[in-house]
1. With +1 on each Lys and Arg Cβ and -1 on each Asp and Glu Cβ, how big is the dipole of the range 30-70 about its Cα centre, in debye rounded to the nearest 20?
2. Work through the residues other than Thr31 whose Cβ is under 15 Å from its Cβ and net out their charges, Lys, Arg +1 and Asp, Glu -1.
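Derivation of every value follows stated rules applied to the coordinates shown; laboratory data play no part. Small disclaimer: the values here were computed from a predicted structure and weren't measured. Cβ: placed from backbone, ideal geometry, glycine included. Neighbour counts: every protein chain shown.
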Amino acid sequence: MESQLADGSFADLGPSEMKVASGYRVLDRETVSDTERIITLYMDGDRNIVILTLENTPDGWHVSGQDNSN
């Protein structure tokens, strides 16, 4: 979602994007490198699996990619 809201509105709009989800569970964590992680989440409420690619930048960890599946 952060990549879709790259104009800086993630903090404002991110929670509304997840309003259907009542929670989440971490299903898997993979370390790709010192600066990249892949996290697989199960979103309670909308029964969706989300795979996030996180990248460590000088500003902290950011979502650099997302894959959704049901």
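1. Details: 2 positive and 8 negative charges, 26 e Å.
Dipole size: approximately 120 debye.
2. Details: positive: Arg29, Arg37; negative: Asp28, Glu30, Asp34, Glu36, Glu55.
Surrounding charge for Thr31 is -3.
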